[in-house]
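Data first, discussion second: the structure below is written as structure tokens.
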Amino acid sequence: MKIVATLLVIALAAPFAQASETLCNKGEVNFFSCQTKANGKVISICGNIENFEINDDSWLQYRFGKPRAVELVYPHEKNESISKFEGNNFSKYNVIDLRFINKKTLYSFSIAGPYNGEEANKRSRFSGGISVEVAKSKPVKIDCVNSTDVRKHYSQFARLNESLRYKNGETDIFFIFTIMSPNSSVVANE
């Protein structure tokens, strides 16, 4: 009887365990989610882009927090949200990077795959996380806990970034952020 009760508890808990891995809602596309080293909070990139084809009704959101206590949703409005994101694929270094600016803060969410280390640090496994930078302060990095979660989202996240780059063209959110930063040495008219 004890074994049956234990199995029942495990079976009932399974849906909740799976739900805690993402902040995306049922019916949304979960392009990436991982639990972070920041008190178990979750990073999620959610949207409605089917088959990586972006149209006028497509939307994308970044979410951070816990399933019942989401701290940040960007952008709040789904309408025209696609234009607020920059997708990058640095294939030479096996790094995929999604960037956006919220107020005066630069968010850079990246996934790094294995790399031989010819021109940068060698990596033998997948890693991911977000870097948050306000003005000229040092970026704060929040890493994902589990490299398996990162690896399982790698291909889908790469295709999302390619679709964003195709839709939005060549953008430079880092340059825009630099211009916005106080005491910037970059002149906007250059």
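Of all the strands (runs of 3 or more DSSP E) wholly in region 69-179, which have at least 2 residues that are open to solvent by 50 Å² or more (accessible area, probe 1.4 Å) and closer than 21 Å to residue 36 by Cα?
Here the list reads 69-74, 127-134, 140-143.
Anything in region 45-64 that is in contact with a Ser or Thr (Cβ under 9 Å, 6 or more places away or on another chain) and either open to solvent by 80 Å² or more (accessible area, probe 1.4 Å) or more than 16 Å from residue 84 (Cα to Cα) (or both)? List them, or say none.
If the condition is that a residue be in contact with a Ser or Thr (Cβ under 9 Å, 6 or more places away or on another chain) and either open to solvent by 80 Å² or more (accessible area, probe 1.4 Å) or more than 16 Å from residue 84 (Cα to Cα) (or both), then 50, 52, 53, 64 are the ones that fit.
Any idea which of 71, 133 is at pLDDT 90 or above and more than 30 Å from residue 50 (Cβ to Cβ)?
The unique qualifying residue is 133.
Given the criteria more than 20 Å from residue 102 (Cα to Cα), at pLDDT below 95, open to solvent by less than 50 Å² (accessible area, probe 1.4 Å) and not polar (S, T, N, Q), does residue 16 qualify?
Spelling it out, it is not the case that residue 16 is more than 20 Å from residue 102 (Cα to Cα), at pLDDT below 95, open to solvent by less than 50 Å² (accessible area, probe 1.4 Å) and not polar (S, T, N, Q).
Being at pLDDT 95 or above and among the small types (Gly, Ala, Ser) is the filter; apply it to region 34-51 and report the residue that is farthest from the chain's Cα centre (by Cα).
Looking at residues that are at pLDDT 95 or above and among the small types (Gly, Ala, Ser), I get 47.
Pick out the one residue from 80, 118, 86, 71 that is free of Cβ contacts under 8 Å to residues at least 60 places away in the same chain, closer than 22 Å to residue 154 by Cα and acidic (Asp, Glu).
118 is the lone residue from the list that is free of Cβ contacts under 8 Å to residues at least 60 places away in the same chain, closer than 22 Å to residue 154 by Cα and acidic (Asp, Glu).
Can you tell me which residues in region 127-144 are under 17 Å from residue 30 (Cβ atoms) and hydrophobic (A, V, I, L, M, F, W, C)?
130, 144 - these are the residues of region 127-144 that are under 17 Å from residue 30 (Cβ atoms) and hydrophobic (A, V, I, L, M, F, W, C).
Do we find a residue being among the charged types (D, E, K, R) and in contact with a Leu (Cβ under 8 Å, 6 or more places away or on another chain) anywhere in region 108-119?
no
Do we have any residue at all in region 39-56 that's among the polar types (S, T, N, Q) and in contact (Cβ under 8 Å) with a residue 60 or more places away in the chain?
Taking every residue of region 39-56 in turn, none turns out to be among the polar types (S, T, N, Q) and in contact (Cβ under 8 Å) with a residue 60 or more places away in the chain.
The values are calculated or read from the model by the stated rules, or taken from the named source; none is laboratory data. What you see is a predicted model, and the numbers here were worked out from it, not measured in a lab. Every residue, glycine among them, receives a Cβ derived from its backbone with ideal geometry; neighbour counts consider all protein chains shown. Surface areas here come from the heavy atoms of the whole protein model, side chains and all, with no ligands, DNA or RNA. Shrake-Rupley method; radii C 1.70, N 1.55, O 1.52, S 1.80 Å.
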